[in-house]
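Down below is the structure, laid out as structure tokens.
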Amino acid sequence: MKLLDISEVARQSGVAASALRHYEEKGLIHSAGRRGLKRLFGPEVLDQLAVIRLGKAAGFSLEEIKGMFGPDGRPSLSRSVLRTKADDLDDQIARLTSLRDMIRHVADCPAPRHIECPKFQKLIRISARRSAVKPGKF
């Protein structure tokens, strides 16, 4: 097994060396040793970094991503956790779609002032009700 030094892992993965050190400190990846001052990693770290990148893109925390690896460092993904995250993303997509539609309407509304637009007033009331029911959610 050919070991990769930290600069080679950074080059191949596109992940900064500082992030690699941070991931190692958090226990997401593990170095196989050192050559002088440089950390050495097994080639499997490239797959682990790909899983970390996907997890971050999906909105998982580093602690949640850490739980996606088995004791051997291989991905061990919980299907129920993935389904829950997919449902959360669906909710976020719906909220963002509504927000996008509202912004487009406001941008194109022919009313002299936006506050005079009945649709805009309705959207404001809906948004206020949602905020009162679910803090932090649109």
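Each reported figure results from applying straightforward, stated rules to the coordinates on display, with no laboratory input. Quick caveat: nothing in here was measured; it's all calculated off a predicted structure. Cβ placement follows ideal geometry from the backbone for every residue including glycine, while neighbour counts extend to all protein chains displayed.
Read phi for every residue in the stretch 56-69 and hand back ³J(HN,Hα) as whole Hz from Karplus 6.51 cos²θ - 1.76 cosθ + 1.60, θ = phi - 60°, with x for Gly and Pro.
Running phi through 6.51 cos²θ - 1.76 cosθ + 1.60 with θ = phi - 60° gives 5, 4, 7, x, 6, 6, 4, 5, 5, 5, 4, x, 7, 10 Hz.
Sequence neighbours fewer than 8 away in the same chain don't count; with that in mind, list the aspartates and glutamates whose C-alpha is under 16 Å from LYS38.
ASP5, GLU8, GLU24, GLU25
Quick one: Cα convex hull volume of the chain, Å³ per residue? Please report the intermediate quantities before stating the final value.
On the way: hull volume 20.6 nm³, N = 138.
Taking only Cα atoms, the chain has a hull volume of 149 Å³ per residue.
As I understand it, the dipole of the chain uses +1 on the Cβ of Lys and Arg and -1 on the Cβ of Asp and Glu, about the Cα centre. Which of GLN92, LEU49, CYS109 lies farthest toward its positive end?
Comparing the listed Cα positions along the dipole, CYS109 ranks first.
Would the stretch 4-66 count as rounded, prolate or oblate if I go by the C-alpha gyration tensor, calling it rounded below 1.5 in a/c and otherwise prolate when a/b exceeds b/c, oblate otherwise?
Values: a/c = 2.17, a/b = 1.74, b/c = 1.25.
It is prolate, given that a/c is not under 1.5 and a/b is the larger ratio.
With n ≥ 4 as the cut-off for DSSP H runs, can you work out [θ] at 222 nm for the chain, using -39500 (n - 2.57) per run divided by the number of residues, rounded to the nearest 500? Present the calculation step by step, with values, prior to reporting the outcome.
Details: 6 runs with 82 residues, N = 138.
Only helices count here, giving -19000 deg cm²/dmol.
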